[in-house]
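Scroll down for the structure; my scribbles are underneath it.
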Amino acid sequence: MLKNDEVPFYEPMLEKMIKKNKKRLNYDFLSSKLYNDVDVFFIAVGTPEKNDGSADLKYVYEAVDGIIKNITKNTTIVIKSTVPVGTNNKIKEYIRDNLKKFIINVVSNPEFLSQGTAVQDEINPQRIIIGTDSKQAIKTIKDIYKHKDEKYVLTDSNTAELIKYASNSFLALKISYINEVSNLCEKFNANIEDVEKGMKMDKRIGKYFLNAGIGYGGSCFPKDTKALEFMAKSVNSEIQTITATIKVNEKQVTKMLDKARKYYSNFDGLNVAILGITYKPSTDDIRDSPAIINLNKLLEYKTAISVYNPIPIKKLKEIYKDRIKIVNNIAETLKNADICFIFTEWQQIKEMNLKLFEKNMRKPIILDGRNCFELNQIKDYRVIYESIGRKTINNLN
Ligand code: UDX
């Protein structure tokens, strides 16, 4: 697909960029020619979670092996993949034991881009962490990136690796924290949006990653928090705040299903509408998506499920085949539904015509896990509307 200028996943701006730089890109990654005369290798392969929560490094080592076998001169390896603390040092030893002909500098340079804004994040990063003891390697990286000096944090590789886990886990911690506060809001009849607003105005707290919802998902936060917890245990230590973060998230993810039981003690026989299936908007990624966890739970019942997502998700059809109906417009998804779950805050969902709920649903019960609508907007419709950390609107009585 890449050879035909096609990107195998959805990421805004990426396809345009790949087309623009067509002449400079070569995808012969299985050929040894790729390794000829290369000054710098970037390793950016996945490090998936193993059953015990640790990170699987097999793809990283496969990439290192390819380099060791095929290089034709001294070179630098930049590790962008999120790898457990100590991995860069182990790779250095591995190279020393297996390669005598050339010298390779190894640099930890963790990646902080977010899906959906990946190209922007890459072009204009907030910081660049370089973990290495090689002055030559630092120069090589700075020559490539050409950013202002104040953007760089120069450190050793263990520290660089830890910065990545500490950053991702801290963001996950903020989310679990605000989610717990939202649960308190529901108990005290307080409003989470105003709590968030009030907190975000304090610069020390900051305005990002404090949006309550049905928990974090995706290919990074769930995996990296567990990997950090695993790493702490491996050195006979602990990181209790992150252990709590993980536990809170597990519970939060199915919060809307718990709320739905108020209306239906058994989901058998229901028509269910789902709006949004990705782990966040502007991506087609459903890995560890809270929506998928909920969908799988709903499929344990005899439910008829219609799913709408603003951009098509190929994988959904492959995985679920005829067990769900994939629909490309909101009105049809809602047709005759007994309940509607909103799992992702896509702009198309936030801006939908609210009349569609009462017009199309058999029973307009809406469980919004991402607070997509203002209570003031929705209160004028004949619906039951439950969201996160805000009062319930019940206009059906
Ligand atoms: C994350 C980090 O942000 C990025 O720096 C790192 O390189 C990779 O992991 P990403 O997984 O693309 O990026 O998504 P992000 O925008 O961080 O969102 C992760 C999850 O947190 C999503 O499920 C999102 O819905 C959730 N989230 C985010 C909240 O529930 N509330 C928030 O306030 C922010």
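The values are calculated or read from the model by the stated rules, or taken from the named source; none is laboratory data. Remember, it's a predicted structure, so these values are computed and weren't measured experimentally. Using ideal geometry, Cβ is built from the backbone for each residue, glycine included, and neighbour counts are taken over all protein chains shown. Protein only, heavy atoms only, side chains kept; ligands, DNA and RNA dropped before computing areas. Shrake-Rupley method; radii C 1.70, N 1.55, O 1.52, S 1.80 Å.
Observations
- Dipole magnitude of the stretch 306-397, debye to nearest 20 (Cβ charges: Lys/Arg +1, Asp/Glu -1, about Cα centre): 240 debye
- Low-density loop cleavage sites - trypsin sites (Lys or Arg not before Pro) in the stretch 196-270, where at most 15 other Cβ are within 10 Å (DSSP): 203, 204, 207, 261, 262
- Per residue, the accessible area of the stretch 156-275 comes to 52 Å² when a 1.4 Å probe rolls over the protein heavy atoms.
- Helix 240-253 vs. the chain, principal-axis angle (Cα, 0 to 90°, nearest 10): 40 degrees
- Once the Cα-Cα distance is subtracted from the 0.36 nm per residue extended length, the residue 348 to residue 167 segment shows a gain of 62.1 nm.
- In this Cβ point-charge picture (+1 for Lys and Arg, -1 for Asp and Glu), the stretch 2-155 has a dipole of about 660 debye about its Cα centre.
- Shown are 382, 127, whose ranking by accessible area with a 1.4 Å probe and every protein chain present, most to least, is 382, 127.
- Placing +1 on each Lys and Arg Cβ and -1 on each Asp and Glu Cβ, with no other charges, gives the chain a dipole about its Cα centre of roughly 460 debye.
- Computed FRET value (nearest 0.05) for residue 187 with residue 209, which takes r as the C-beta separation and R₀ as 22 Å: 0.40
- Using a Förster distance of 30 Å, the FRET efficiency for residue 199-residue 379 (Cβ separation, nearest 0.05): 0.75
- Sparsely packed trypsin sites (Lys or Arg not before Pro) within the stretch 64-103, loop by DSSP, other Cβ within 10 Å at most 11: 100, 101
- For the stretch 82-99, backbone phi angles converted through the Karplus equation (6.51, -1.76, 1.60; θ = phi - 60°) give residue-by-residue couplings of 7, 10, x, 4, x, 5, 4, 5, 5, 5, 4, 4, 4, 5, 4, 6, 10, 9 Hz, Gly and Pro being listed as x.
- In the stretch 14-67, the trypsin sites (Lys or Arg not before Pro) that fall in loop regions by DSSP, at most 16 other Cβ within 10 Å: 50
- Interchain or long-range residues, amide H under 5 Å from residue 325's placed H: 305, 306, 307
- 3J(HN,Hα) from dihedral phi, the stretch 368-378, Karplus parametrisation 6.51/-1.76/1.60, rounded to Hz, x for glycine, proline: 9, x, 10, 6, 6, 10, 6, 4, 5, 6, 7
- Antiparallel bridges, percent of DSSP beta bridges restricted to the stretch 2-155 (to nearest 5): 15 percent
- For the chain, the antiparallel share of DSSP beta bridges with both residues in that region comes to about 10%.
- Percent carbon-and-sulfur accessible area, the chain, ignoring ligands, DNA and RNA, probe 1.4 Å: 51 percent
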